[in-house]
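Asks: Here it is, the structure, as structure tokens.
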Amino acid sequence: MKTLLKYLILLLAIESFGQKGDGWNISIQKDERYSGVVLANGRLGILSSERLFEINHVILNNVFEQGLTSSAPGSASKVSRILKGMNFGNLEMYIDDEKITKENISSWQQTLNMKEASLTTSFMFRHKAKISYTIYALRNVPYSAYIDFNIQANRALTVRVIGKIEGSSSFKNPISTFRTLWDKETTIPVMQTVATTDKGAHTIATSASFVWHDINSTREHLRPQLKYEKVSKNLNQIWFDKEVKKGGNLTFAWTASECSSQDFNDPASESERFVINNLVTPKATLLNGHKQLWEELWEGDIVIEGDMQSQRDVRLALYHLYSFGRAGSDLSIAPMGLSSQNYNGHIFWDAELWIYPPLLMLNQDIAESLVNYRFQRLEPAQKKADNFGFKGAMFPWESDDSGEEATPTWALTGTLEHHITSDVAIAFWNYYRVTKDLEWLKEKGFPVIKDIADFWVSRAKKNCDGSYSIINVIGANENAVNVDDNAFTNGAAITALKYAIKAAKEVNCVVDPKWDAVANRIKIHHFNDGTTKEHSTYNGAIIKQADVNLLAYPLNIVSDTSTILRDLIYYEPKLEHGGPAMGKAILSVLYSRLGDVDNAYRLFKDCYEPYKCGPFGALAENIGSRKTYFATGAGGMLQTVLFGFAGLHLTDDGIIQKSPALPRDWKSLTIKGVGPEKKSYVIEQE
């Protein structure tokens, strides 16, 4: 009865979001308790807003301000933080000299089109006009955005639209300009603001302009006259006035580009060039380029028949992972992706253990960027190991663009949570397992895996009985601090060492005998009944998230059914209520693999439904939190489908399928574009 009541409450909560749509579109008509969705292209992240003609903010990937005071109470430690850029997405519109606001409109609706990665807002203004605008973070021009407007006039109108570039107190010495550039007869109006970040780490340049689809750029006399005003040192704007006849349409766009000295020697010129590109490229050509790249991304897809709500939820998760990643960028994905500055935009184990596996299955190009991110930061990891008295490479718990430890000093995770180093090695070997790219393994994969194995040989402590312990750590369960022989830390080290042996053989390198000797003797503790202990002195305390259960999946160290089930039954009640979303995802995968579909489906829903925020269903990290979008939770939920219900397994022979099983209400499950061969797996209800 309690379980039934819980799901009735969840269903009512979903209804309160006011969602409509199909498997590709989510439409909302209410903006109460609004948590936005993200429009991103791996370089820029734009968080949507319920406010008319506005966005919440822009996040610049891998652009960090250094030397900021930590947010911890009483802390004087300094941290780096991903940069919230200038806001180029806040506009104003007036019709007949009346500003359009929430109070004078009706039939407001927003629709997220996941297939084309666009967000459309539409409404009626006083029965005078139907207005819509669609936001794109252009996948084909990744440092820029595009907002396409349409006004359908029910009577003769006078329209004024104001476009802005808004800085903040975090930007210093802004220089704002507006000029019309010329090349032969082509006129190119561009507004720009260039400023330095508060601590001087970067120069940021943002350029913007209006685009007129139906007017050739050489016919300036037919354009509305653009007017410019510098309102304050952190705000400048341009605007135009236009008359629209009754029954007529006014179509135009606003495009902007934001560049930094992190990515360009001359960000001011580059931001102008991107805007100019968007000005002179025909709308159809520009947007079709964006849509084509998203069509290619969706070659890796998950199709659920018979459960539309689960279909939308799964697609929303995959949509956000695709949005946050980018092939060829050699950048990783932070826990909150490009949605916010939460967790300072740093890279954690979330990337390798939670976000990476679905991407590895469905898009190896983005997955390669995530592992290459770590390869490019191997040298700082080697220095960290040496500085702490170890061999090989020791990766930071929190990583920024430098690759050095970026965790605030008050947080012991930065000093003691060492399983991250194993997580990197596991991701590297799994990339080779899937792609069989031997050149990559020789040049990038094995050097990292080898140094991680050397680290664990030097980090493990030999006991009197010949066994090895890994002492004084924080495991995946961060509630337990300064413990010895944490189950997941030790299991991940064993796995990393064994993968190093396999990788060495694959590239014809000498296998260090210490790797095997240590791997075979690292201790895993158990209770008297055989249940795996979370650490050497664990006494049944509540845990933050799955730790022991990770030994069965994804590590495959615990493989016998009785122990897997015993650990599942023991540790599920120990999970902290309302804790991180991804913990129950692991339990769901394991129940699927044991053939218990009912428990697997229950935990599938539990791992994300209570974490959804209205109106779109964006995921938060904790129950009751409004901080979205939690990419880590999305990765966990997607793993329940791929590695649980679909029965997919990562092995040394590549991706194989074993014993898939569907929830009762699902008619079929299709996984498209799996692996380099882009295979499809279809599972139908018996």
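Asks: Using the 10 angstrom Cβ neighbour count as an exposure proxy, how do I426, I449 rank, fewest first?
Replies: Ascending Cβ contact count within 10 Å gives the list I426, I449.
Asks: Could you list the trypsin sites (Lys or Arg not before Pro) in segment 433-512 that lie in coil according to DSSP, counting only those with at most 15 other Cβ atoms within 10 Å of their Cβ?
Replies: Sparse-neighbourhood loop trypsin sites (Lys or Arg not before Pro): K436.
Asks: Rounded, prolate or oblate for segment 545-686? Axes are the square roots of the Cα gyration tensor eigenvalues, ordered a ≥ b ≥ c, and the cut-off for rounded is a/c under 1.5.
Replies: It is oblate, given that a/c is not under 1.5 and a/b is not larger than b/c.
Asks: Amide H neighbours of I543 under 5 Å, counting only residues 5+ apart in sequence or on other chains, H built in-plane at 1.01 Å?
Replies: It is L575, E576, by chain and number.
Asks: Please turn the phi angles of segment 589-604 into ³J(HN,Hα) values with the Karplus equation 6.51 cos²θ - 1.76 cosθ + 1.60 (θ = phi - 60°), one per residue in order, whole Hz, x for glycine and proline.
Replies: 4, 5, 5, 4, 5, 7, x, 9, 5, 5, 5, 4, 5, 4, 6, 4
Asks: Before anything else, pin down the relative contact order of the chain: Cα pairs under 8 Å, at least 6 apart, normalised by residue count, whole percent.
Replies: Rounded, it is 13 percent for the chain.
Asks: For K227, K391, what ranking results if the residue with the fewest other Cβ atoms within 10 Å of its Cβ goes first?
Replies: Least to most surrounded, the residues fall as K227, K391.
Asks: Turning to a different aspect of this structure: Give me the aspartates and glutamates in straight-line cross-link reach of K384: C-alpha distance below 14 Å, same-chain residues under 8 apart excluded.
Replies: Excluding near neighbours in sequence, the set is E398, E404, E405, E417, D451, D454.
Asks: Moving to a separate point now. Averaging the inverse of every distinct alpha carbon separation and then flipping it gives the Kirkwood radius. What is it for segment 40-198, in angstrom units?
Replies: One decimal place: 18.2 Å for the Kirkwood radius.
Asks: Then there is this: Can you give the three extents of the C-alpha atoms in the chain along their principal axes, from longest to shortest, in whole Å?
Replies: Cα spread of the chain along its principal axes, largest to smallest: 87, 56, 51 Å.
Asks: Check cross-link reach from K461 to the lysines: straight Cα distance under 16 Å, and skip same-chain residues fewer than eight apart.
Replies: Reachable lysines: K391, K514, K523.
Asks: In whole Hz and in residue order, list the ³J(HN,Hα) couplings for segment 671-685 that follow from phi through the Karplus curve 6.51 cos²θ - 1.76 cosθ + 1.60, θ = phi - 60°; x for Gly and Pro.
Replies: Values, residue by residue: 9, 9, x, 7, x, x, 7, 6, 6, 10, 10, 10, 10, 10, 5 Hz.
Asks: Hey, can you grab everything whose amide H is under 5 Å from the amide H of F616? Only 5+ residues off in sequence or another chain; H modelled, so Pro and N-termini drop out.
Replies: Distant-sequence amide H within range of F616: S35.
Asks: Going through segment 121-202, which trypsin sites (Lys or Arg not before Pro) have at most 11 other Cβ atoms within 10 Å and a DSSP loop state?
Replies: K184
Asks: Which links in K383/K502; K502/K679; K99/K128; K102/K128; K436/K658; K99/K227 stretch past 23 Å when you go from one Cα to the other?
Replies: The answer is K383/K502; K502/K679.
Asks: Give the order of C613, C509, C464, C607 when sorted by the count of other beta carbons within 10 angstrom, beginning with the fewest.
Replies: C464, C509, C613, C607
Asks: Where in segment 574-590 is the amide nitrogen less than 17 Å from a point lying 7 Å along the Cα-to-Cβ axis of I542?
Replies: 574-584
Asks: Continuing with the same structure: Compute the distance in nm between two label points, each set 7 Å from the Cα along the Cα-to-Cβ direction, one at D198 and one at Q685.
Replies: Roughly 5.4 nm, to one decimal.
Asks: Whole-Hz ³J(HN,Hα) for each residue in segment 543-560, computed from phi via Karplus 6.51 cos²θ - 1.76 cosθ + 1.60 with θ = phi - 60°, x for glycine and proline: what do you get?
Replies: 10, 6, 7, 3, 9, 4, 5, 5, 5, 7, 9, x, 7, 6, 7, 8, 10, 7
Since every read-out is calculated from the coordinates, none of them should be taken as a lab result. This structure is a prediction, so every number in the text was calculated from the model and none was measured. Please note: Cβ atoms are built from the backbone with ideal geometry, for glycine as well, and neighbour counts cover all protein chains shown.
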